[in-house]
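Read through the structure below, which is laid out as structure tokens, and then see the notes.
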Amino acid sequence: MTGPLAPYGPVAPGSSARSQPPSPERAELRKAAEGFEAIMLRKMLASARAASFAEDTPLTGGGMKQFQAMRDEHLADIAAATGAFGFARSIEASLAKHLSATPAQQGNS
């Protein structure tokens, strides 16, 4: 069995990671990664919903489909913001390797 995953999002009180806010580039990268995760989740939910074998009835018309789409978008946004699926965390970690070093790091090397 593997150990627990590191927290994503707000850091626990007393943690040393909390004292250093992320750089503007890193914060922008996190926001983009969360946005991409939300898009991926919306597509997954839409694909799963398209596989439904339910017949069209008055209760499954356009209004219901629009409500389901709005609900799926909201769920995807929440899941991406909380890191529930971990796609954004993986994307951010992979792309963070390509960020340029911060000025403080450049001076120390």
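Coordinate-derived values only; no laboratory data. Small disclaimer: the values here were computed from a predicted structure and weren't measured. All Cβ positions, glycine included, derive from the backbone under ideal geometry; neighbour counts span all protein chains shown.
Annotations for the structure displayed:
- Cβ-Cβ distance of residue 75 and residue 20, R₀ of 41 Å, FRET efficiency by 1/(1 + (r/R0)^6): the value works out to about 0.80.
- Net charge, residue 78 excluded, C-beta distance under 14 Å - Lys, Arg +1, Asp, Glu -1: -3
- Available extension along the chain between residue 85 and residue 59 is 6.2 nm, counting 0.36 nm per residue and deducting the alpha carbon span.
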